[in-house]
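The values are calculated or read from the model by the stated rules, or taken from the named source; none is laboratory data. Since this is a predicted model, take the numbers as computed values, not measurements. Backbone-built Cβ (ideal geometry, glycine too); neighbour counts: all protein chains shown. Please note that ligands, DNA and RNA were not included when accessible areas were found on the heavy atoms of the full protein model with its side chains. Shrake-Rupley method; radii C 1.70, N 1.55, O 1.52, S 1.80 Å.
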Amino acid sequence: MGLSECWKQLSWIYYQYLLVTALYMLEPWERTVFNSLLVSVGAMAVYTCYVFMPQHIMAILHYFEVVQ
Amino acid sequence: MLPFTKLSQLEPRAGVTNLSETESYFKSTEFLSLKPLNPNVPHNPSLYKKPFVESFEETPLMVAVLTYMGYGILTIFGYLRDFLRQWNIEKRHIARERDEQKDFVPLYQDFENFYNRNLYIRIRDNWNRPVCSVPGPKMDLIERSTPNYNWTFEYTGRVLKDVLNLGSYNYLGFAENKGPCADAAIEATQAYGVGVGSTRCEMGNLDIHEELEQLVARFLGVESSMAFGMGFATNSMNIPALTGKGCLILSDELNHASLVLGARLSSSTIRVFKHNNMQSLEKLLRDAIVHGQPRTHRPWKKILIVVEGIYSMEGSIVRLPEIIALKKHYKAYLYLDEAHSIGALGPNGKGVVDYFGLDPKDVDIMMGTFTKSFGAAGGYIGGKKELIDYLRCHSHSAVYATSMSPPVAQQIITSMKIIMGEDGTTLGADRLRQLHENTTYFRRKLHDMGLIIYGNEDSPVIPMMLYMPAKIGAFGRQMLKKNIGIVGVGFPATPIIESRARFCVSAAHTREMLNTVNISDSWQSKYVRRLKYINETLTYYK
């Protein structure tokens, strides 16, 4: 039961996303294009954070003289 | 500082006297400081006999930002699709220029055509739905399907029965095919036929038209009236007969296309005042009288204020007591278009003049249509006898357009007698009361759900804000699945971020029918800031 509740909640959130970004009015291939672009840009952002976050954190701590 | 001190030194202009007072009529200091007034609070309450409650809640900021974002995404995809169509990668369904015309000024490059191709057509299955029964409180629709995303439609062969009709302008429920009106119309058809075959001025003046006009004049409380075959043509063909060059028309921001067309055809100067805003109107009147015509500074031949009774996209009612006070003070004329308010407002159904309890002789030209509350077609103009006699000779509609068809005229006569109570039953009074109850109940119900509703508390036109373009399409389709037919309104008729769904309640709706309208949480349209929106039980889209 918990899984179907979860699925319903997710599909409601996806429906709201379609309405707000006006993807509801577009054809399925256009939705695929937009979603792929969004997912790829999001994935690139996450990867960049993962690679560079340790260096940035060390630089911030060095600036505030918490660590030498 | 406004140059009011010079007024007393001027000669009295034609039609204008007593301008030596240097204060504005309403003696409001807010006018002189030009501070914007709160539209939700009544000003000059002494002119109103009962509370005038209107509300136009502001768009929440987040919603406006998201709506613009949605339009931005649609525009980008619109450009992409136009590119694909241009380079023949995709099949083209739309009208386009021929190759020989490519060197001329482009025909389909402007914003309206772009909007039409890429935004309107995607959701256009919500409009132009074929109705195959009487458009009463419930109607039958022919179901359509589209193989190529709304470029072309096909009938599936099914008929959707008993769809609740919240879109027809059927305020008193006279759109019916049984009952006294229909029987009288059948008799009139058997007596006169359906076509008239001529214009009013030639051979088209039947005795049923004379009877109708006398009845309309009695109903409105004016000296005389004239009826035309088409409501749009009443406005657009009669305003040119009333004003001309050298006259000034002051029209409301949100006036109907027929009034705008009539004003433009008349070649008078047109100035627009903010919607229902008396301070803006007064400023325009004062400027017009002080400065006169643009280059020569001669006085205007006449000043005509053009307003509507109920504005159909906003649901707001005109502030008539204040306008009449202004018109008397500044000696202007008033043209009141009661297309939606005749029959729907007022304790006796006599329109917005009856609603405010004013004298119909104060309004110089009372215009209205028979389409909405009387279940027929056509328009009328009422006023003084000299005015109507002049219009009978000089109106374009009287001289060139065919006169009203006899069964239609008979339908109006019968329905008007029912409203006035002259047929001996209480049917008219019952319907007026039912309409008022339905309006109050439906507005209260939608408001308690937390949706933003525009307009006056007493107007039967109820616009519900949706804001986002995808929601107009989705709302229309969802409501049709639940067997409710509504009208969604988008860009050219409303400002671009203020899309709405417009409900028109009718006296023929019962409370059970109105209770079936249950707008679930799927819409996230419950933006009213006063209610704290607690998302405890979610209703899911199936």
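With respect to the numbered conditions (1) away from chain A (no Cβ under 14 Å); (2) touching a residue at least 40 places away in the same chain (Cβ under 8 Å), which one is the sole condition not fulfilled by B:Phe475?
(1)
Only residues in the range B:157-175 that are open to solvent by 30 Å² or more (accessible area, probe 1.4 Å) count as the first member; pair them with residues that are β-branched (Val, Ile, Thr) and outside any loop (DSSP other than H, G, I, E, B), Cβ under 6 angstrom, at least 6 apart or cross-chain, and list the lot.
Close Cβ pairs satisfying both conditions: B:Val159/B:Ile142.
Mind counting the residues in the range B:260-279 that are open to solvent by 40 Å² or more (accessible area, probe 1.4 Å), among the hydrophobic types (A, V, I, L, M, F, W, C) and part of a helix (DSSP H, G or I)?
3
Considering B:Phe153, B:Phe77, B:Phe83, B:Phe111, which residue is more than 14 Å from chain A (Cβ to nearest Cβ) and under 19 Å from A:Glu27 (Cα atoms)?
So the residue among B:Phe153, B:Phe77, B:Phe83, B:Phe111 that is more than 14 Å from chain A (Cβ to nearest Cβ) and under 19 Å from A:Glu27 (Cα atoms) is B:Phe153.
Which fully enclosed strands (runs of 3 or more DSSP E) of the range B:280-396 have 1 or more residues being open to solvent by 50 Å² or more (accessible area, probe 1.4 Å) and not aliphatic (A, V, I, L, M)?
So the answer is B:333-337.
I'm checking my understanding of the structure. Among residues of the range A:32-41 that are within 25 Å of B:Arg477 (Cα to Cα) and more than 10 Å from chain B (Cβ to nearest Cβ), which one is least open to solvent (accessible area, probe 1.4 Å)?
A:Asn35
Among what's in the range B:86-105 and is among the acidic types (Asp, Glu) and open to solvent by less than 80 Å² (accessible area, probe 1.4 Å), pick the residue that is nearest to the other protein chains (Cβ to nearest Cβ).
Checking each candidate, the answer is B:Glu90.
What tally of residues in the range B:435-472 results from selecting those that are of a type outside the set (Ser, Thr, Tyr) and within 14 Å of chain A (Cβ to nearest Cβ)?
Residues flagged as of a type outside the set (Ser, Thr, Tyr) and within 14 Å of chain A (Cβ to nearest Cβ) within the range B:435-472 amount to 6.
Scan the range B:402-437 residue by residue and report those that are open to solvent by less than 40 Å² (accessible area, probe 1.4 Å), among the aliphatic types (A, V, I, L, M) and part of a helix (DSSP H, G or I).
Passing the criteria: B:Ala409, B:Ile412, B:Ile413, B:Met416, B:Ile418, B:Ile419, B:Leu432, B:Leu435.
Whether any residue in the range B:497-505 is within 14 Å of chain A (Cβ to nearest Cβ) and open to solvent by 10 Å² or more (accessible area, probe 1.4 Å) is what I want to check.
The answer is yes, given that some residue of the range B:497-505 is within 14 Å of chain A (Cβ to nearest Cβ) and open to solvent by 10 Å² or more (accessible area, probe 1.4 Å).
Name, by its number, the condition in (1) closer than 17 Å to B:Arg122 by Cβ; (2) at pLDDT below 90 that does not hold for A:Thr21.
Checking A:Thr21 against (1) closer than 17 Å to B:Arg122 by Cβ; (2) at pLDDT below 90, the one that fails is (2).
Could you identify the single residue in B:Phe153, B:Phe114 that is touching a helix residue (DSSP H, G or I) at 6+ places or on another chain (Cβ under 8 Å), farther than 20 Å from B:Ser405 by Cβ and open to solvent by 60 Å² or more (accessible area, probe 1.4 Å)?
One residue alone meets the criteria, B:Phe153.
Of (1) at negative phi; (2) assigned to a loop (DSSP other than H, G, I, E, B), B:Asn128 satisfies all except one. Which?
Single failed check for B:Asn128: (1).
How many residues are open to solvent by 40 Å² or more (accessible area, probe 1.4 Å) and outside any helix (DSSP H, G or I) if we restrict to the range B:459-495?
4
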